[in-house]
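Heads up, the thing below is written out as structure tokens.
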2 protein chains.
Amino acid sequence: MSSISVREVAAEAGVSVGTVSNVLNRPGKVSPDTVARVQAAIAHLGFVRNDAARQLRAGRSRSIGLVVLDVANPFFTDVARGAEDRAAEEGLAILLGNSDETIDRENAYLDLFEEQRVHGVLISPLGDLGDRLTRLRERGTPTVLVDRQAEDRRFSSVAVDDVAGGYLAADHLASIGRVRLAFVGGPAGIRQVTDRLEGARKAVAEHPGVSLEVIETESLTVLAGREAGERILARPESERPDAVFAANDLLAMGVLQALNMFGDVRVPGDIALIGYDDIAFAAAAVVPLSSIRQPSALIGYTAVDLLLREAAAGEGFEHEQIVFQPELVVRASTMPR
Amino acid sequence: MSSISVREVAAEAGVSVGTVSNVLNRPGKVSPDTVARVQAAIAHLGFVRNDAARQLRAGRSRSIGLVVLDVANPFFTDVARGAEDRAAEEGLAILLGNSDETIDRENAYLDLFEEQRVHGVLISPLGDLGDRLTRLRERGTPTVLVDRQAEDRRFSSVAVDDVAGGYLAADHLASIGRVRLAFVGGPAGIRQVTDRLEGARKAVAEHPGVSLEVIETESLTVLAGREAGERILARPESERPDAVFAANDLLAMGVLQALNMFGDVRVPGDIALIGYDDIAFAAAAVVPLSSIRQPSALIGYTAVDLLLREAAAGEGFEHEQIVFQPELVVRASTMPR
DNA sequence: TGGGGGGAATGAATCGTTTCAAAGTTTGTG
DNA sequence: CACAAACTTTGAAACGATTCATTCCCCCCA
């Protein structure tokens, strides 16, 4: 690559580098004649701005980092899309990082984003809010938690009330007459999981005679769900739950696959099943899946918006916790028998 | 953000900036004692490398751009995952761009990636290989086409034989006795769509008495599929196809939803249905979906690998076209009646 | 004709990291 | 004890875009 810089463009157009820069950034300040000459030179030489140099001077990049738990989960790609929409309005790009529910990868992305001097970071964090995040913020990178409430007010966040969602799901199962509920989800380190479980516990407590057991999984994927389903199938019939609440739709679909394909268990006849997130595929499942809907794209959109406000306000920003309410969507998988 | 640079670190540790840089990049060349002192200073001051400055000096960034047609399509997130795996082995990051089947967005990402001086670009391009891509390459950014064969040998590519895949699908439908096939897909500008259709045409030509019509869609999404399904339902029963080959699984699931939810058409009884890509959700659909499997993660992995080889070889690289073979996966949606 | 005003263009300084030739220090050997 | 070889460390010079204080022009008016 023959490196073409503003210097070469300036020479070709017979102007100074300062003028080239002005044409690029404030064409109004340059005479139309010169603008034309410089643009011709740019086109002729095939000049492409070097973003690294630009950022170095500017001090900040024009992108926002987004770390999600799993890019293969449609819920998070929807969040990303919403974030991208809002970011695009400001001419910012979204850098998408995939922590794969792993602390090491999460940290690796945070390091990367910090080195890139991103405008800010949106993250659906694992486990406790480690000091990695606190340090990040203290060093000047605005941070907004996504799909997770900030318990301690030290962070801004955009989330959905997961306790309420868990309550909705379990209450619904109980209300269609199920009594042996199982919560499928994990690992316990993920806040969304524990919150949804907490909500479910609350609902169960209000329904005398209804029990809730926990079947822990290693991740929130279809595969993990299938394994959980197999564990259920391995039990004698009398010890199986009569309803399953899965911590997300991927798990639920995995459970459904296991019950349907390897077992003779009927959904919802023998076991009712409800998931969480209401991804597009839930409605199209073997047995259309009941779920708890979250406004995914709106979460992303709002999170970027909040991030921009926080960045603009600087230091003394009053952190804001935005909480959306989840919504129960009933489909065949929890129809009364 | 109090800007901490190598200069401050050097001062704190009582060494020169050159030494700090050496600690960062070649710790072996620095005495253990000094390394320790510098690292202590780094930790104490909370120094974070400025990647922009680094890139500026290096001339190239440590990332690879990937432009896909649709991030919400699990096929592409699988490709991205494969690409990420190979890139990570070299300490490179993947920047994921979503063209949403739009030329403007595709170009915007290419511009962005070029300004970032990415190591190279992987792209599943729309329409013809415009000169945007040619110029990109001429200016020194290695480019590899993904999920699309390079017809003219001017580009390297990693793809699956879409004509063969289309043939497999249509041949399968004909072989289970269907005679009025419909191809659902579009827009015609997308190469994958036209290739798959071409393969289907070839198969149909070999089966006397079997016809093939084309039902064009505006995009390759579940929604577009649902619309196509509704168009089929709107016809009198006698004019409906008895088999549908959808250009990808998202479309197929949309068609399935329309037929199942709004109509009284049975799949596969009245209409057999086959998709393309074999995404994880295909197996879990209302009616488990037959599909044409592509080795998605492997495509991404191989594409990065090829890109790296091309980048290493420099100018005179012999472009390589890698073609994988697709595979027919038969499930309930095309079981003989 | 002299001077003032305003629009346009200039170019040196800056951002922070890496590189590399050169200088400095230690170790080992005859 | 002198000297070479092997390590360490140094610091100034890039990389390329942007910023402003400054200079340059041109035009108008007194």
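A few remarks follow.
- Candidates A:Val144, A:Val38, A:Val286, ranked by Gaussian network fluctuation over chain A, Cα under 10 Å, top entry: A:Val38
- For B:Ala313, inter-copy separations between label points set 7 Å beyond Cα along the Cβ vector come to 5.6 nm, shortest first.
- From phi via Karplus (6.51, -1.76, 1.60), per-residue ³J(HN,Hα) for segment A:56-63 in Hz, x at Gly/Pro: 4, 5, 6, x, 9, 8, 9, 9
- Position B:Leu298, label points 7 Å along Cα→Cβ, spacing to each other copy in nm (shortest first, one decimal): 4.4
- The mean count of C-beta atoms from other chains within 10 Å of the C-beta of residues in A:69-82, rounded to a whole number, is 3.
- Among beta bridges from DSSP that stay inside the protein assembly as shown, the antiparallel ones total about 10%.
- D (Stokes-Einstein, µm²/s), Kirkwood Cα radius, segment B:6-49, 0.692 mPa s at 37 °C: 334
- Per-residue Cβ neighbour counts within 10 Å put A:Glu90, A:Glu115 in the sequence A:Glu90, A:Glu115, beginning with the fewest.
- In this structure the amide hydrogen of A:Ile271, modeled in the peptide plane, comes within under 5 Å of the amide hydrogens of A:Arg266, none closer than 5 places in sequence on its chain.
- For chain B, built as a Gaussian network whose Cα springs stay under 10 Å, the top-fluctuating residue of B:Pro268, B:Pro236, B:Pro27: B:Pro27
- Length-normalised contact order for segment B:68-148 - Cα pairs under 8 Å, 6+ apart - percent: 27
- Note on chain A: GNM, Cα springs under 10 Å; of A:Leu233, A:Leu95, A:Leu45, the largest mean-square fluctuation is that of A:Leu45.
- Each stretch of four or more DSSP H residues adds -39500 (n - 2.57); spread over every residue of the protein assembly as shown, this sum gives -13500 deg cm²/dmol at 222 nm.
- Distant-in-sequence amide H partners of B:Arg331 (H built 1.01 Å from N, under 5 Å): B:Ser290, B:Ser291
- Along segment A:246-255 the Karplus relation, 6.51 cos²θ - 1.76 cosθ + 1.60 evaluated at θ = phi - 60°, assigns HN-Hα couplings of 9, 5, 8, 5, 4, 4, 4, 5, x, 4 Hz to successive residues, with x for each Gly and Pro.
- Inter-copy label distances at B:Gln325 (7 Å, Cα→Cβ; nm, one decimal): 5.8
- In order through segment B:101-108: 3J(HN,Hα) via Karplus (6.51 cos²θ - 1.76 cosθ + 1.60), integer Hz, x for Gly, Pro: 6, 10, 4, 4, 5, 4, 5, 4
- Taking other Cβ atoms within 10 Å as a rough exposure proxy, A:Leu66, A:Leu133 sort from fewest to most as A:Leu133, A:Leu66.
- Of interest is the spacing of the C-alpha centroids, which for segment A:91-163 and segment B:220-253 amounts to 42 Å.
- Sorted from longest to shortest, the spans of the Cα atoms of the protein assembly as shown along the three principal axes equal 75, 66, 49 Å.
- Sorting B:Asp78, B:Asp100, A:Asp111, B:Asp152 by the number of Cβ atoms found within 10 Å of their own Cβ, with the fewest placed first, yields B:Asp152, A:Asp111, B:Asp100, B:Asp78.
- Under 5 Å from the amide H of A:Leu129 lies no amide H of any residue 5 or more positions distant or on a separate chain, with H modelled from the backbone and absent for Pro and chain starts.
- Segment B:6-49: relative contact order as a whole-number percent, Cα under 8 Å and 6+ apart: 40
- Options A:Tyr167, A:Thr217, A:Pro326, ranked by Cα towards positive dipole end of chain A, top entry (Cβ charges): A:Pro326
- Pairwise alpha-carbon distances in chain A exceed 34 Å for 39% of all pairs.
Any read-out appearing in this document is the output of simple, stated calculations on the displayed coordinates, not a laboratory observation. What you are looking at is a predicted structure, and each value in this text was computed from that prediction instead of being measured. Reconstructed Cβ throughout: ideal geometry from the backbone, glycine too, with neighbour counts over all protein chains shown.
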